[in-house]
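**Q** Attaching a single structure in structure tokens format; questions to follow.
The values are calculated or read from the model by the stated rules, or taken from the named source; none is laboratory data. In this text the structure is predicted, and so the values were computed from the model without any measurement. Don't worry about glycine lacking a Cβ; one is built from the backbone with ideal geometry, like all the others, and counts go over all protein chains shown. Ligands, DNA and RNA are excluded from the accessible area calculation, which covers all protein heavy atoms including side chains. Shrake-Rupley method; radii C 1.70, N 1.55, O 1.52, S 1.80 Å.
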Amino acid sequence: MENIDDFSPEKVSGPPAPPTPPPVKSMDLFMQRSNSFVSKATRDSWDRMFDEAHGADVLIHTVDNGLIYAHSNVIGMASDVIRGMMKQDKRKSHRKSISILGVPHDAVRVFIRFLYSSCYEKQDMEDFAMHLLVLSHVYVVPHLKRVCESEFENILLNKENVIDVFQLALLCDAPRLGLLCHRMILKNFEEVSTSEGWQAMKESHPRLQKELLRSVAYELNSLKQRNRKQKEIQTYTQLYEAMEAFVHICRDGCREIGPTKTETPHVSCGFQACNGLEQLLKHLAGCKLRSIPGGCSRCKRMWQLLELHSRICVDSEQCKVPLCSSLKERMKTQSRKDEKRWKLLVKNVLSTKRIGGSPFFLQAIDVTL
């Protein structure tokens, strides 16, 4: 029996270690082919194994009497469905035989090649993406389905094919792709509805067409509601800013109106509404039409702003805005309908902004809301 000491580093002799290989660039060792990173040697082996079909034991029948040779161990490991199909072939021939029909022969060839190497050519994907999506679903090849979905999402989906892809996404259980198609259809409905795909769907799947039309109508209605709501918020925000500017002008003074008006009328302040309000106040003071039946539209607008302020203000006795306390007294004689309408307006105006420039506005928010 050999002594363990005979295997000590000092006593073991052998060929010297090989020299450290020189550093190589990643693109020398790994080469991107058809969007899949594999070593060049491995890729060449896969290609040779598939193309030469050496030792192939499966015969795949395609449309137009096409034939593809493959290896059962490879395609069976890649797809449980194909493995089950091969097991159903009870013939005693040394080659199994299966059929993949309903798609072009070249699409099946690209599909089988993908089962070998997970590689594909860019042009093949552009030509057969829809067929590959169907094959990946039918034969349960999840990684190919993800590739097809990604290609459609980033490159291949357009207004001409979106209807066809949408129908395939529904059939092939690809919810994300279906959602992307649905969004594109809604966004470009006028163009999509004139495409050949839409006309074909109208004839073959009228129920789906009705569902899409219903979705478009719902989306348009939702868009109108959002736009209307946005305009309302904008209006209420402008009214709130006008109320703040009122207090600023009457309490502190601004360019041309107020207790401490500046000598330079064009100097800017922090309230954007000041200029317009100053013009309205000056107009109200000198307008000769305000007492005529029908009145002046600008004066009516000013009175409405003054009344809105009086309803927001919580301390009319100390307020410097004209007619604040008088208008607050006038509220008591208004009808319930007018009172309800004003209360709703005040609530909406105060809810647009939670931080105001005047302390009593903050108090009014708490009291009203």
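Residues are listed down the side, and each one gets a yes or a no for (1) more than 40 Å from the chain's Cα centre (by Cα); (2) farther than 16 Å from residue 148 by Cβ; (3) modelled with pLDDT under 95:
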position	(1), (2), (3)
74	no, yes, yes
85	yes, yes, yes
90	yes, yes, yes
96	yes, yes, yes
113	no, no, yes
119	no, no, yes
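**Q** Could you list, in sequence order, the residues of segment 110-123 that are out of contact with any strand residue (DSSP E or B) (no Cβ under 9 Å at 6 or more places or on another chain) and either open to solvent by 60 Å² or more (accessible area, probe 1.4 Å) or farther than 18 Å from residue 78 by Cβ (or both)?
**A** 122, 123
**Q** Given the structure, is residue 145 under 29 Å from residue 72 (Cα atoms) and either outside any loop (DSSP other than H, G, I, E, B) or not acidic (Asp, Glu) (or both)?
**A** So residue 145 fits the description; yes.
**Q** Are any of the residues in segment 124-133 within 30 Å of residue 222 (Cβ to Cβ), surrounded by 15 or more Cβ atoms within 10 Å (Cβ to Cβ) and of a type in the set (Asp, Glu)?
**A** The answer is no; no qualifying residue exists.
**Q** Oh, and also: For residue 47, are the conditions met, namely being under 40 Å from the mean Cα position of the chain (by Cα), open to solvent by less than 70 Å² (accessible area, probe 1.4 Å) and among the charged types (D, E, K, R)?
**A** Here the answer is yes, as residue 47 does meet what is asked.
**Q** Which residues, taken from segment 53-67, are β-branched (Val, Ile, Thr), part of a strand (DSSP E or B) and either surrounded by fewer than 17 Cβ atoms within 10 Å (Cβ to Cβ) or out of contact with any Lys or Arg (no Cβ under 6 Å at 6 or more places or on another chain) (or both)?
**A** 60, 62
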